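No lab work stands behind these numbers, since they all come straight from the coordinates. Just so it is clear, the structure is predicted and the values come from calculations on it, not from any experiment. Using ideal geometry, Cβ is built from the backbone for each residue, glycine included, and neighbour counts are taken over all protein chains shown.
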Amino acid sequence: MNAQQGGALPFIDLAAQRERLQPGLNEAIARVLAHGGFINGPEVKTFERELADFAGVAHAIGCGNGTDALYLPLLAHGLGAGDAVLVPSFTFVATAEVVVLTGATPVFVDVDADTFNVTADSMKAGIAEARRAGLRPRAMIPVDLFGLPADYDAINALANAEGMFVIADAAQSIGGSRAGHRVGGLATITSTSFFPSKPLGCYGDGGAILTNDDDLAEQLRSLRAHGGGKDKYDNIRVGVNSRLDTLQAAILSCKLAIFEDEIRVRGRVAARYNASLPSDVTTPRIFNDAVSAWAQYTVRVKKRDAVAADLKAKGIPTAVYYPKPLHLQQAYRGFPVASGGLAVSERLADEVLSLPMHPYLDEATQDRIVEGMRSAVNA
Ligand SMILES: Cc1ncc(COP(=O)(O)O)c(C=O)c1O
């Protein structure tokens, strides 16, 4: 039974991508096994150069995962007790966790219901709350949720006016753009993840930081390697061990070669969903000048859990990103929340539903998902 006839569908079809890339992947993996430079092998530098060129920035600094890609720039800026970092509540936990690990305080802000992203206005409410709580507002971490780059023109302008710095959490959005400028160059610092299910995913953990700032790039390269100076036995600052493995870098170079094409196809899949899903489903909105990386295709729907259960019974997998906003999580309940509360984040947690989204989703399979959705919302 094929997917169109009613077999269980994959949520993300990594096998189809692997088949497409198999000869190149085999060659790349065999090459690394043969030279044996598993740590800091030549493939790491090659991939860092390719990624920087792809994003149109001076530096890409590979690291162990997307969480470290957020943590390392906070370390570079010396964040600590008394500092506030504004983060959305409607995101993956890593965005806030790294702030707490530095000793600084996350201040949770709300998101826009249509784009799922923070706005400059929501950040303003966070700055006011940080000051009210006696904290120094030092940084903002907008998240490009589900692949859509946030409104960096407005956010960067606010950060400049307030003397704050911005780290774009682009774990989900690498490959996207705003007004022709690719993610990586939209903020001074951009952090991304190569978790396997991300648009540019490897076969394990991996991450990278992108920047045009030469001094910051040098600090980040030192921080990811135990705070090394001329080598790792010359320790000029306190750092961590966070490396992108050579094998993962070799795999990522293969995947980057087809990434532009995959992003284009993801856009086509999303446009087709937008045009064909029934009107009782609220489809995602993106900015006119934006290309989303469509890490997730996320709709809003009433009676979400019943709809998801109905789809599951039909062999159609879905996911809920995210079922509980961070300000309501046990570990994060004690941190400040922007004045006015986070009503949108709380509502979205009850309504969001992500549908299968990947560049290998053929039209017949997509039609089956759309039909499944139509009958599930009418059940
Ligand atoms: C928004 C966001 N930030 C950070 C991360 C952390 O990335 P990683 O899992 O590679 O540490 C993820 C992904 O898992 C994410 O979705």
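Restricting attention to region 134-155, does a residue exist that is of a type in the set (Asp, Glu) and away from the ligand (no atom under 13 Å from the Cβ)?
Within region 134-155, one or more residues are of a type in the set (Asp, Glu) and away from the ligand (no atom under 13 Å from the Cβ).
Regarding residue 16, is this residue part of a helix (DSSP H, G or I), over 12 Å from residue 248 (Cβ atoms) and not polar (S, T, N, Q)?
Judged against the criteria, residue 16 is a match.
Looking at (1) touching a residue at least 40 places away in the same chain (Cβ under 8 Å); (2) surrounded by 15 or more Cβ atoms within 10 Å (Cβ to Cβ), which one does residue 346 not meet, given that it meets all the others?
All conditions are met except number (1).
Under 8 Å by Cβ, and 6 or more places apart or on different chains, what pairs join a residue from region 168-193 that is at positive phi with one that is within 14 Å of the ligand (Cβ to nearest atom) and outside any strand (DSSP E or B)?
175/147; 175/183; 175/199; 175/200; 175/293; 184/170; 184/174
Anything in region 83-104 that is more than 16 Å from the ligand (Cβ to nearest atom) and either within 17 Å of the chain's Cα centre (by Cα) or surrounded by fewer than 24 Cβ atoms within 10 Å (Cβ to Cβ) (or both)? List them, or say none.
Result: 83, 103, 104.
Among all residue pairs at least 6 apart or on different chains, which show Cβ distances below 8 Å where the first residue, located in region 56-74, is aliphatic (A, V, I, L, M) and the second is in a helix (DSSP H, G or I) and within 9 Å of the ligand (Cβ to nearest atom)?
Correct list of pairs: 70/94; 70/95; 70/98; 74/98.
For residues that are under 12 Å from residue 82 (Cα atoms) and not basic (Lys, Arg), scanning just region 125-138, find the one that is surrounded by the fewest Cβ atoms within 10 Å (Cβ to Cβ).
Looking at the filtered set, the residue picked out is 134.
Does region 205-223 contain any residue that is within 13 Å of the ligand (Cβ to nearest atom) and over 19 Å from residue 54 (Cα atoms)?
yes
Looking only at region 271-298, count every residue that is over 18 Å from residue 359 (Cα atoms), over 17 Å from the mean Cα position of the chain (by Cα) and of a type in the set (A, V, I, L, M, F, W, C) and tell me the total.
3
Residue 100 versus (1) under 27 Å from residue 283 (Cβ atoms); (2) in contact with a Pro (Cβ under 9 Å, 6 or more places away or on another chain): which is the lone unmet condition?
Tallying (1) under 27 Å from residue 283 (Cβ atoms); (2) in contact with a Pro (Cβ under 9 Å, 6 or more places away or on another chain), residue 100 fails exactly one: (1).
Go through region 11-53 residue by residue and tally those that are touching a residue at least 24 places away in the same chain (Cβ under 8 Å) and under 30 Å from residue 297 (Cα atoms).
Within region 11-53, residues that are touching a residue at least 24 places away in the same chain (Cβ under 8 Å) and under 30 Å from residue 297 (Cα atoms) number 15.
For region 61-82, what are the residues that are within 12 Å of the ligand (Cβ to nearest atom) and either among the polar types (S, T, N, Q) or at positive phi (or both)?
Once the filter is applied, which keeps residues that are within 12 Å of the ligand (Cβ to nearest atom) and either among the polar types (S, T, N, Q) or at positive phi (or both), region 61-82 yields 65, 67.
Look at residue 43 and say whether it is crowded, with 20+ Cβ neighbours inside 10 Å, in contact with a Leu (Cβ under 9 Å, 6 or more places away or on another chain) and among the charged types (D, E, K, R).
yes
Could you check region 274-306 and list, in sequence order, the residues that are hydrophobic (A, V, I, L, M, F, W, C) and on the phi < 0 side of the Ramachandran plot? Talk me through it step by step, then tell me what you get.
Going through region 274-306, the residues hydrophobic (A, V, I, L, M, F, W, C) turn out to be 275, 277, 281, 286-287, 290-291, 293-295, 299, 301, 306.
If the condition is that a residue be hydrophobic (A, V, I, L, M, F, W, C) and on the phi < 0 side of the Ramachandran plot, then 275, 277, 281, 286, 287, 290, 291, 293, 295, 299, 301, 306 are the ones that fit.
Which residues, taken from region 154-163, are touching a residue at least 12 places away in the same chain (Cβ under 8 Å) and surrounded by fewer than 22 Cβ atoms within 10 Å (Cβ to Cβ)?
Selection gives 154, 156, 157, 158, 162.
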